[in-house]
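The values are calculated or read from the model by the stated rules, or taken from the named source; none is laboratory data. Owing to the predicted nature of the structure, the values given are computational and were not obtained by experimental measurement. Cβ: placed from backbone, ideal geometry, glycine included. Neighbour counts: every protein chain shown. Protein only, heavy atoms only, side chains kept; ligands, DNA and RNA dropped before computing areas. Shrake-Rupley method; radii C 1.70, N 1.55, O 1.52, S 1.80 Å.
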Amino acid sequence: MHGRLLATALSAVGLLALALAPALTTAEGTSFRGFNYPTADCTPMQGTTQLGLAPQQWSSAVGLPLTPSGTPAAQRIVIGEIDQTANATAVNNLMTQCGLPNVALPVVNSTLYPPASTPGLEATLDASVVAAALPANASITMINTGAGSEPFYSMLVSAANACGFVFAGDPNVTLSNISKGSGFPDGGCIISISYGGAEVRAQETDADFMLQQLADQGVIVVVSGGDEGSGGCISNTGLNFGNGAKVAVSGIALTSGVLTVLTGSAHGFSVGDHAYVTLQAPGLLSMTNTVTVTSTPTPNTFTFNFAGNDFAPTAASGAASVGFGTLTPQYPASNPNVLAVGGTQWQTPADGQAHGVEIAFAPSLTHTDYVWHDSNPNTNCANVPTFPVSGAQGTGGGQSSLYAMPSYQSAATSVNYPGPAPGRMIPDVAALAGWPLYAIANYGLPVTAKQLTSNVATLSTPSTQGLDLGEEITVGGVGAPFDGTFVITGGSAVSVSYALTAPDVLPTPVSPTGTITQACNSYPCSATQFPWTQVYGTSAATPLVAVGIANLNAVLTAIGLPAVDNGGGAMDVHSILYDPRNAAAMTDVTDGSSDIFNLGGWTALPGYDMTTGMGVPNFTTLANILIARLSPTPTPAPTTTTTPTVAPSPVPTSTPTARPTSTPTPSSTPQPLGPASANPEKAVIAAPGIVILSAASAERVTPRTMIEKSAIRVKNAPVVEAKSSAPVSLVARGLRPGISYSIRIKGSETTATLGRTTSDSAGLAQLPVFLLTKPGTYTLEIVDSNTKAVSYVKVVIVRIKR
């Protein structure tokens with residue numbers, strides 16, 4: 001991945017260099033098998049190499065999509081971009097190729113800082129990730145703001161407008177309170193922002209006002225934690241000095257290969273410091289780079305080695321800083337009113353350092369979640385001493401120096417990070433950001449000029465177009481009659497031509513909204529013909545979490561339960577994700593580090609840490625837990641039964657696996673649990689392989705009598721019937737409150753410990769989700785950690801009929 005700084009805003013997005021290492025053959029601590037590709041056509045290919053994940057696979061990594069039982073309240077997901085928007089043609093090409101519904105992508109542009117509306121890779125990635133799991137009765141709106149001096153404020157103003165808020169005054173003139181207008185959706189609005197920059201107060205004051213306004217209205221703002229690890233990152237444009245003490249440059253001189261820099265105030269630098277400098281002396285010198293301080297003759301001068309012809313002292317402009325080498329979180333992720341998203345990878349830290357992300361993906365291999373940290377160069381970070389030759393990239397995280405620790409975080413962090421008056425920590429959660437890659441459709445080339453002569457249209461491009469004669473393209477935003485789908489008949493390295501019967505058009509400049517997008521003759525294409533582009537970073541993880549929350553709210557509101565919001569109450573998104581009662585829905589990441597610049601950093605720990613927060617959410621499991629907890633407590637019926645049946649329903653196949661707290665396979669359509677049964681001792685079948693069951697009738701026995709009684713108790717245990725490869729998610733009822741239980745499963749050829757869970761105050765506990773693909777009868781054991789009493793459930797796996 002190669003991140004980008006746009007003025008002060010980081011865009012966490014990148015492309016794969018197409019020189020691939022072999023697929024990984026081993027992984028330490030493996031815990032799940034890679035998800036299968038949904039179809040042959042939806043298998044990203046370069047020749048015979050599989051390049052990454054298709055939409056259904058990356059959605060499955062967080063337990064998506066969910067299927068509501070009823071009609072959800074209307075929702076809107078607003079995706080914020082700087083100086084670009086999504087290529088809607090490319091997004092829907094991908095959806096069609098992979099058998100997913102097409103989406104509308106209306107754009108709301110900023111009036112505060114008018115943007116360039118060029119479709120770009122960042123926006124196309126964000127929209128593709130959301131579109132792939134867009135829940136029922138939800139829509140997407142893209143917002144596009146210019147970089148300007150306050151890009152985050154401008155973006156948030158535009159986002160509030162796109163959500164349907166109205167302003168008390170003109171936000172272009174003064175800070176204005178917001179209130180819900182008639183266009184605000186009943187089910188709420190979620191904002192996804194894949195941008196950030198080092199935490200600097202100057203750029204945050206007005207944006208903080210808007211974030212507080214949005215939080216006061218309950219709007220969830222999901223923000224990238226950054227791709228620069230634990231350290232502050234300085235843009236190669238010289239516009240972002242991290243948290244360093246920047247001093248102005250007023251003059252320079254060069255003598256015998258030593259450049260002397262005069263600063264307008266005391267610089268405080270020391271010999272050996274790595275100084276980041278931007279210098280301008282018209283006609284003599286223009287540079288932006290990281291240098292090593294060789295001497296400090298006075299408090300207002302420092303020197304470094306520089307090759308060139310000598311020149312006498314002369315006036316110059318620019319700035320210098322050495323304060324970038326400290327642990328610095330990203331903003332706006334560090335604001336306590338947002339949900340900050342970090343990144344994971346499915347390769348070991350050693351593999352990440354050895355191969356970067358240039359590794360083929362094989363779904364048959366086993367993987368686990370590690371902290372994202374690889375060795376690919378990050379062209380953002382000019383403060384790295386080896387810039388631009390090498391560097392690294394990985395999940396952002398750290399502790400704010402500006403914001404106090406919020407109450408929702410203090411309990412989760414007190415053990416790992418004690419200390420007086422700690423600040424807000426990021427991230428809150430994490431999702432896949434490193435290897436394997438997200439495979440989206442090629443987002444297209446911009447068009448700079450058009451002409452039409454003798455029924456041949458020619459479009460110019462700003463760079464080498466890389467297309468071949470006979471390939472099909474979709475042209476959009478250029479204007480009539482040029483827009484449409486055509487076959488390339490000619491052109492040059494920086495132009496394409498195609499047949500078009502229409503009156504001549506003289507060479508004419510084109511606005512930056514026009515694009516040429518590679519297409520195919522008919523969809524779906526062959527896997528090798530489709531124009532795949534490989535992308536990764538927390539820019540992918542962020543919209544994935546945002547659309548996961550939208551799915552969660554869809555299933556909750558569809559059955560009349562309250563939606564998750566950002567209002568600070570019982571349904572506050574932070575409270576829910578940090579709640580230990582929901583731990584079964586979070587995959588805790590315990591291996592890896594975010595120290596990518598050798599500046600110091602954070603390592604993964606059990607529980608909360610400043611690399612991946614509370615872990616990777618599984619929204620299927622979280623939906624099950626919340627529905628079981630929020631549904632009204634039923635009144636017991638006078639009689640019970642413990643052997644329910646499951647209505648048959650076809651479930652697509654997947655790679656055989658048994659994964660604790662796992663996600664469903666990409667081709668499955670997991671559904672959340674419905675309300676609890678009026679009979680508390682009867683298993684309630686809410687969807688194939690997904691049940692609520694009661695353990696209340698199970699006899700508690702001691703370890704001494706367990707063996708002699710277990711055969712009878714297994715025979716009489718409740719029965720859960722599931723289709724092979726369906727994710728099985730159980731909520732045990734009637735357990736002893738506040739007790740830890742270990743969960744085991746046994747079959748004729750399989751014995752596995754699925755993990756542990758803790759019952760809540762009502763005696764409910766979400767059991768680890770698991771998949772069983774070999775038909776047969778299995779015994780699930782729920783073991784009380786104190787008394788060693790065992791409750792049993794028989795799980796009958798039946799083969800899917802084709």
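Annotations for the structure displayed:
- Global form of the range 35-129, assessed from the alpha-carbon gyration tensor, a/c cut-off 1.5: oblate
- Figure note: 572, 579 ranked by solvent-accessible area, largest first, 1.4 Å probe, ligands and nucleic acids not counted: 579, 572.
- Charge context of residue 581, other residues only, Cβ under 13 angstrom, K/R +1, D/E -1: -1
- Length available on full extension from residue 402 to residue 591: 0.36 nm per residue minus the Cα-Cα distance, which gives 65.2 nm.
- Portion, in percent, of the accessible area of the range 419-516 that falls on carbon or sulfur, probe 1.4 Å: 60
- Segment residue 742..residue 256, full-extension length gain: 167.7 nm, with 0.36 nm per residue of separation and the alpha-carbon distance subtracted.
- Heavy atoms of the protein chains alone define the surface here; on that basis the range 503-563 has 30 Å² accessible area per residue at 1.4 Å probe size.
- R0 of 30 Å, Cβ-Cβ distance residue 505-residue 485: FRET efficiency to nearest 0.05: 0.95
- Average accessible area per residue (Å²) across the range 400-466 - probe 1.4 Å, nucleic acids and ligands excluded: 36
- Overall form of the range 182-232 per C-alpha gyration tensor (a/c, 1.5; a/b vs b/c): oblate
- Modelled label positions at residue 360 and residue 39, each set 7 Å beyond Cα in the direction of Cβ, lie 2.4 nm from each other.
- Relative contact order of the range 109-180, pairs being alpha-carbon contacts under 8 Å that are 6 or more residues apart, as %: 32
- For the range 178-229, the solvent-accessible area works out to 27 Å² per residue, with a probe of 1.4 Å and every protein chain left in place.
- Relative to the Cα centre, the charge distribution of the range 550-637, modelled as +1 at Lys and Arg Cβ and -1 at Asp and Glu Cβ, gives a dipole magnitude of about 340 debye.
- Cβ-Cβ FRET estimate between residue 575 and residue 375, R0 fixed at 51 Å, reported to 0.05: 0.85
- Label sites at residue 286 and residue 494, each approximated as a point 7 angstrom past Cα along Cα to Cβ, lie 1.9 nm apart.
- Full extension of the chain segment joining residue 796 with residue 464 gains 113.7 nm, where the gain is 0.36 nm per residue of separation less the Cα-Cα distance.
- For a label point 7 Å along the Cα-to-beta-carbon line of residue 179, residues of the range 211-226 with backbone N under 16 Å: 213-214, 216-218
- Rough spin-label spacing in nm, given labels placed 7 Å along Cα→Cβ, for residue 186 and residue 416: 4.0
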